[in-house]
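First up is the structure itself, then whatever we jot down about it.
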Amino acid sequence: MGRSFRIATFNLENLDDREGAPPIVERAAILRPQLLRLNADILCLQEVNAQRAAKGEPRRLAALDRLLEDTPYAGFHRTAGNPPKLAERHNLVVVSRWPIAAARLYRHDLVPAPLVRLATSDPPRTAPEPVPWDRPVLHAEVELPGGHRLHVFDLHLRAPIASPVPGQKDGPFTWHSVGGWAEGFYLASMKRAGQALETRLAVERVFDADPGALIVVAGDCNADMEQTPVRIIRADVEETGNGRLAARTLVPVERSLPEERRYSVLHGGMAVMLDHLLVSRALLGWFRGAEIHNEALSDELVAQAMSAASPESYHAPVVADFEMPEG
């Protein structure tokens, strides 16, 4: 028997430690048992906010430090990119039992921001404008025992919520016209698909260097397995029409679970699978099983209407077991 290990992804849902946020003590009381249950060796986290101890000081992941204290993860290696370039909100973080040999963030490094001439802006715009992504993709290279290297891509794709269009909103959640909302939704879809494309091109670079690479793409894709962003990242043979590219497909490990268990979010009574672990064929050979910890999941629409400061996450963690071959 080889050595077993676990990879997990978990959207912590605006993890913060500042005034106005749910107290970190209350959040830890809910989230820490979930993290302990995962018993992960590699943990891919999304929506980790960064804080400043004082004005002018660099941002730190203080809320994450407090969440992980008194857990095995406190002593793990960790990266948010190199350099981290911490944002105030929604950082990506990889936590690993084993050393992280390299890490970087991709944001318009492989895919330029598309230029769009807005059709509904008020006043009208005459020149095309860039449509940048909201968040980067984090690529970490983990040194597994036995000399193996695992490429971990941690991502959080844009939600399918319309992006602002100048002059087309009457308030934070109110649009001035249907046309303006429709263009905003179009822009959001472009951003989400663009993030997925940049992820896929980063994966392609790894495959170009090593066709048998061990790769996992983990995170909140804000899309189910059959929607455009995940299809771009998966690159199934029936999409490319070329059997010679089959070794470059990424396989969703959730397929190993019964269909009724395949959901990571409850949204208005609908069970949807938005959080994924997609693995290369080489890593699939080590795959032994998957779990989605959705037993205590609250419906995000109902819960948010009832409580503005819930300590829980409305995403279920997803975890997969693997076994490294001997030798």
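Over segment 163-229, what is the mean sequence separation of C-alpha contacts under 8 Å (at least six apart), divided by residue count, expressed as relative contact order in percent? Walk me through the numbers before you get to the answer.
Values: 31 pairs, mean separation 15.9, N = 67.
Here the relative contact order equals 24 percent.
With θ set to phi - 60°, apply the Karplus curve 6.51 cos²θ - 1.76 cosθ + 1.60 along segment 170-176 and write out the HN-Hα couplings as whole Hz, x wherever there is a Gly or Pro.
My calculation for segment 170-176 gives 8, x, x, 10, 10, 9, 7 Hz in order.
Per DSSP H run of n ≥ 4, the term is -39500 (n - 2.57); total these for the chain, divide by its residue number, and report the mean residue ellipticity at 222 nm rounded to 500 deg cm²/dmol.
After summing the helix terms and dividing by residue count, I get -7000 deg cm²/dmol.
Based on the mean of other Cβ atoms within 10 Å per residue, sort peptides 8-18, 258-268 so the most packed one is first.
Ranked from most to least packed, the peptides come out as 8-18, 258-268.
Report Rg(Cα)/(2.2 N^0.38 Å) for segment 129-229, keeping two decimals.
This ratio for segment 129-229 stands at 1.37.
Return one quarter of the surface area of the convex hull spanned by the alpha-carbon atoms of segment 205-327, equal to its mean projected area, in nm².
So the mean shadow area of the Cα hull is 9.6 nm².
Based on the Kirkwood radius over alpha-carbon pairs, what value in µm²/s does the Stokes-Einstein equation return for the translational diffusion coefficient of segment 3-324 at 37 °C and 0.692 mPa s?
160 µm²/s
Ranking request for peptides 105-118, 196-209: highest mean number of other beta-carbon atoms within 10 Å first, then the rest in descending order.
Descending mean neighbour count gives 196-209, 105-118.
What are the extents of the Cα atoms of segment 33-132 along their three principal axes, listed from largest to smallest and rounded to whole Å?
Cα spread of segment 33-132 along its principal axes, largest to smallest: 56, 32, 26 Å.
Only Cα pairs under 8 Å and at least 6 apart count here; give the relative contact order of the chain as a rounded whole percent.
Reported as a whole number, the value is 19 percent.
Each value in this text was obtained by applying a stated rule to the coordinates, not by laboratory testing. Note that the coordinates shown come from a computational prediction; the quantities given were computed from them, not determined experimentally. When we count neighbours, we look across all protein chains shown, and the Cβ atoms used for this are built from the backbone with ideal geometry, even at glycine.
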